[in-house]
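We did not get these values from a lab; they are worked out from the coordinates using the rules stated. As the structure is a computational prediction, the values presented were derived from the model and not from experiment. Don't worry about glycine lacking a Cβ; one is built from the backbone with ideal geometry, like all the others, and counts go over all protein chains shown.
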Amino acid sequence: MAVNIYIFIFLLLSFSSIESKAQIVINEIMADPTPSSGLPDREYLELFNNGSVIVQLKGWILGLGSKIKVFPDVSVAPGDYLLVTSPGGAKDLQTYGRVTEISGFSLNNAGLVISLTDPLKQWSDKLEYFPSLHKMGFGEGGYSLERIDPERLCGQRENWATTLSSRGGTPGSENSVHATNPDHIPPRILTTTFMDHCRLDILLSESIQLPLNLSGQFRNVPVGLVIDSVVVDAEASLLQVFFLPASIKNGTNYSFTLHDIRDECGNLMTDQLVRFGYYLPVKSDLMINEVLFNPYPEGSDFVEIFNNSGHQVDLSGLFLATRDGLNKLVQVSQISVIQQYLEANEYLAVSKSLEGIRRFYPIKCKKCLLQMEKFPSLSDQSGCVVLLDLNGQIIDEMSYTDGMHDPLITDAEGISLERVDINLPASRKENWHSASRSAGFATPGYKNSVVEVANSIDRTVLIDPVVFSPNGDGINDYLNIYLFTGEPGFLLNITILNCTGREIRKLANNFISGSSDQIIWDGLDADFQKVQPGIYLLYISIFSQTGKHKTRKVACVLTDRL
């Protein structure tokens, strides 16, 4: 296995492990004392001697980000505290304990690496402070961060907490959050995300020991897959594995094993199998399946996409666009600015406002709707919708006009155009039809109402149940009438007759159907009164624009109880 080993460590100093023999630890940080909660308006560090002998700090080095400060002649007894502050601060803090002033002492509110080394350059303690270590609502000033367990010298991110003191800190005394806080929990993988065709982000539950050994800790790497480098973001507990782009094959799934990964306290993670894949869709993999370009006044345009690829597809690598009068691509808009996926054989309706869809149409799949940050503006009369990949290649395209709607529809506002057959090109106008009335005039995020279904002429009409009892007991209260015409756009009429042939109710009157539809009879007559128990005849007639005509007569039984 050929592996190029380049390891770049980002924020290597963050929460690094210190030898257990260290005596002087950083115990409290007041980086932003304003507004004060009761303590003097002074920045300070509190040091604590957790050893058994006096420690002379003369010549010790305090690292504050890129600044190096040297301690004066001062010592710390076992179990004692020392406050470190800027010149002039001693008079404000001396009532809380022993204080030493260091010229140029300053703590950046936004965060910095703080380190403590002895004259022999041996680490005693180091960590990176940043405001997000505070509990929510306490990172804006006036409260210190306190070390929970001064005996714990590793995994420091989980060993600090916002002070519980009402005055904002406990300088010179035991911390308000003091407790035994050992770490016996090994790290674990939270998520894995493949990005940019060459980078695998592995989010861990905590920071890990460094440096890494690519040949020893990355095992069972497939032949041909080349790891180029690894970057560790310790603050984010993020492991980023970079591969040579040429070694990643489209549509291929990969895996390797992470071995001997430990957290800063030495807790060993069991070997983890890491899986990932990459897929760049090609033409016909993704389909423009439905378009609403003339929404209701308070509604929103939407475009529905169907994943026909058999692969998971990254939505951040897809774009919607339109064309201008010169046929140039314009309004190119990324479908998702973050990495999220459209699974195989799933639908997704994208829009500028999901509320503009939810208000007017049945939603059968909440996760199948996505609001884009920018959505192309679609003309109410005519236009073009183009689906592009990450490289600007066209995956699918359809042109529309309001004349593509069913000619029996006089007002197409709020009615979508649905693709009839995914096996036929989107460019064919006859492959688009108005969504059916029974579906609510649009089907965002789920199967189109006009999709062709396999049927035979003998199964044009089915009813279920044949005997029904509309008495409100929840059992067979409705007669379901299923229609399978095989193509959309039929004009449907259903008349209900009693056993003498008298018309009881016109259940459907010039109803525009999809290729399959469902009509319900609730057992009421034309005046919405309950009919008498007995045998009833459904007279069904279906007409198409092309002259097709079907009639069916189906009997049912209405009773008062079953």
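Packing here is the average count of other Cβ atoms within 10 Å per residue, and on that basis the peptides 259-266, 441-448, highest first, run 441-448, 259-266.
Here the dipole of the chain is about 780 debye; that uses its Cα centre as origin and unit charges on the Cβ of Lys and Arg (positive) and Asp and Glu (negative). Run the paramagnetic zone check for Ala77: 7 angstrom along Cα to Cβ, then residues of region 38-54 with backbone nitrogen under 18 Å. In region 38-54, the label zone of Ala77 (backbone N under 18 Å from the point 7 Å along Cα→Cβ) covers 47-54. When you filter the GluC sites (Glu not before Pro) in region 346-378 for DSSP loop state and at most 16 other Cβ atoms inside 10 Å of their Cβ, you are left with Glu373. Our summary gives the chain a relative contact order of 9 percent, counting only alpha carbon pairs under 8 angstrom and 6 or more residues apart. In a simple Cβ point-charge model (Lys, Arg +1; Asp, Glu -1; nothing else charged), region 185-278 has a dipole of about 400 debye relative to its Cα centre. Checking every one of the trypsin sites (Lys or Arg not before Pro) in region 74-122 against DSSP loop status and a limit of 15 other Cβ atoms within 10 Å picks out Lys121.
Taking a sphere under 9 Å around the Cβ of Ser416 and counting the other residues whose Cβ falls inside, with K and R at +1 and D and E at -1, yields a net charge of -3. For region 176-293, relative contact order (Cα pairs under 8 Å, six or more residues apart, normalised by length) works out to 27 percent.
Applying the criteria of a DSSP loop state and at most 12 other Cβ atoms within 10 Å to the chymotrypsin sites (Phe, Trp or Tyr not before Pro) of region 494-540 yields Phe528. In order along region 182-188, the Karplus-derived 3J(HN,Hα) couplings, from 6.51 cos²θ - 1.76 cosθ + 1.60 at θ = phi - 60°, round to x, 10, 10, 9, x, x, 9 Hz, and Gly and Pro are given as x. Here's the picture: charge each Lys and Arg Cβ at +1 and each Asp and Glu Cβ at -1 in region 233-362, and of Gly325, Phe306, Asn253 the one pushed furthest to the positive end of that dipole is Gly325.
Between the residues Ala234, Leu268, Phe218, the greatest Cα displacement towards the positive end of the dipole of region 185-278, with unit charges on the Cβ of Lys, Arg, Asp and Glu, is found for Phe218.
Taking 0.36 nm per residue of separation and subtracting the current Cα-Cα distance, fully stretching the chain between Lys553 and Gln122 would add 145.7 nm. Unpaired Cys in the chain, meaning no second Cys C-beta under 4.7 Å: Cys198, Cys384, Cys499, Cys556.
The charge dipole of region 286-434, taken about its Cα centre with unit charges on the Cβ atoms of Lys, Arg (+1), Asp and Glu (-1) only, comes to about 260 debye. Here the extension length gained between Val70 and Asp421 equals 118.7 nm, from 0.36 nm per residue of separation less the Cα-Cα distance. Once you reduce region 32-104 and region 152-167 to the center of their Cα atoms, the two points are 18 Å from each other.
Here Glu174 and Glu140 are evaluated by their C-beta separation; at R0 = 35 Å the FRET efficiency comes out at 0.85. Under the simplified labelling scheme, the Thr495-Leu326 pair shows an inter-label distance of 6.1 nm, with each label point 7 Å from Cα along Cα→Cβ. Centre-to-centre, using Cα atoms only, region 511-561 and region 402-418 are separated by 25 Å. Of the listed values (i) 39.7; (ii) 37.8; (iii) 27.0, identify the label whose number matches mean projected area of the Cα convex hull in nm² calculated from this model. Here the calculated entry is (ii).
Here the simple spin-label model places points 7 Å from the Cα toward Cβ, and for Ser52 and Glu413 these points are separated by 8.7 nm. In the chain, if the dipole is taken from +1 on Lys/Arg beta carbons and -1 on Asp/Glu beta carbons about the Cα centre, which of Trp123, Cys556, Ser173 is farthest to the positive end? The residue sitting farthest along the positive end of the dipole is Cys556.
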